[in-house]
Amino acid sequence: MILFLFSQFIFEDSLWIPGGYINGAAWDGSYLWVTNNDNDPGTKIQKINPTTGNMYVILTYNYSYTSGGYTGMTYANGFLWPVYWPDDAIWKIDPADGSHDNTYSAPSTPYPYGMAWDGRWFWYTDQNENRLYRIDPSNMVSNGSWPLPFSPKDCEFDGQYLYIMSEPSILYAVDTGTKQVVSSQAFPRSYCAGLAFGGGFMWVGTNNATGKVYKVKWTPTGEDEDMAYRPHLFLYPNPARRSATLRIPSGAAVSVYDAAGREVLRKSLANDLTIRSDEIGGAGIYFILITDGTGTRRVTLEMIE
């Protein structure tokens, strides 16, 4: 296997998928899912084996369309949530059988695109509006929206920031608390659209008939002066099955709380911590506080069955 290094991105593997429009991606804790549009038989959702050097499509769900298809997608609460354009809709799909379980109106109409889940809210982008929406999962209605200084495509939450792929192939990190861009990096491939995090990797899909899925390790750069004193952390996979890995600055203290506010885990460590579902209480939403010399940060972890 050959590794290609471009700036801070290390390409470990790639897969070409016929159809060529990989607009969305999602990680379910074990596998990668992507949306893929072509003319025959139509828009698809495909499940990919993520093994390094041996990525391949495991199965394909086909959905017919006449003049559109899926754009972005995320995974949450046991379901896939793709955005369907130009019907301006968000679909709820059971990954076990590909069944279309529900449809919700998207909060915008020009060009609905990205979907992400942070453990509490859905986040949704519109490419033509250059706008970010927050969606309440209890009713799938937007409860806030904010302008973006770029044209967004798919997005995903890495446990700390909402990452958004943009046109032309710039990866932005957005703080969902302040709604401000905290960093940006040029991604060294063209026509990037789909985005997911999982298994310690970033997954990027390309559209415009290119049909590539990239498995990438990367180090965020371009952070502002304040961020230089707050080293980046990773929490992956998220959502997680059985266990998740938290990569943090050396010497940080970690406390994990369940949804009721009970502390279920406390650690002082360097670099990596494995958080196991059976040690903290099983499936559910957890809040992690990371404290080091720069202050305290909070990230959200979803454990699923």
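Below is a table of values for the structure above.
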| item | result |
| --- | --- |
| Distance between region 158-185 and region 105-150 - C-alpha centres, whole angstrom | 14 |
| Region 106-205: trypsin sites (Lys or Arg not before Pro) in DSSP coil with no more than 16 other Cβ atoms inside 10 Å | Arg120, Lys179 |
| Inter-label distance, nm, simple model (7 Å from Cα along the C-beta direction), Phe287/Arg120 | 0.7 |
| For Asp13, distant residues with modelled amide H under 5 Å away | Lys215 |
| Size descriptor, Kirkwood hydrodynamic radius, that averages inverse alpha-carbon separations across the chain, Å | 19.3 |
| Rough spin-label spacing in nm, given labels placed 7 Å along Cα→Cβ, for Asp278 and Ala253 | 3.0 |
| Percent carbon-and-sulfur accessible area, the chain, ignoring ligands, DNA and RNA, probe 1.4 Å | 47 |
| Accessible surface, the chain, averaged per residue in Å² (probe 1.4 Å) | 41 |
| Pairwise label distance in nanometres, Ala260 with Ser14, each label 7 Å out on the Cα-Cβ vector | 5.0 |
| Charge sum, other residues only, whose C-beta stays under 13 Å from Tyr124's C-beta, Lys/Arg counted +1 and Asp/Glu -1 | -4 |
| Under 5 Å, built H, 5+ apart or other chain: amide partners of Glu129 | Tyr111 |
| Sum of -39500 (n - 2.57) over DSSP H runs of 4+, divided by residues of the chain (222 nm, nearest 500) | -500 deg cm²/dmol |
| By average C-beta atoms within 10 angstrom, highest first, the peptides 71-77, 276-282 | 71-77, 276-282 |
| Pairs of Cα atoms farther than 17 Å apart, region 15-92, % | 40 |
| Net charge of neighbours whose Cβ lies under 10 Å from the Cβ of Ala244, counting Lys and Arg as +1 and Asp and Glu as -1 | +2 |
| Value of relative contact order over region 15-170, rounded to a whole percent, pairs C-alpha under 8 Å and six or more apart | 14 |
| Relative contact order computed over the chain (Cα-Cα under 8 Å; 6+ residues apart), in percent | 15 |
| Gain upon complete extension [Asn77, Arg298; 0.36 nm per residue less C-alpha separation] | 77.5 nm |
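The values are calculated or read from the model by the stated rules, or taken from the named source; none is laboratory data. Note that the structure is predicted; figures quoted are calculated from it, not measured. Cβ coordinates were reconstructed from backbone atoms using ideal geometry, including for glycine residues, and neighbour counts include every protein chain displayed. To get the accessible areas, we keep the full protein, side chains included, count just its heavy atoms, and leave off ligands, DNA and RNA. Shrake-Rupley method; radii C 1.70, N 1.55, O 1.52, S 1.80 Å.
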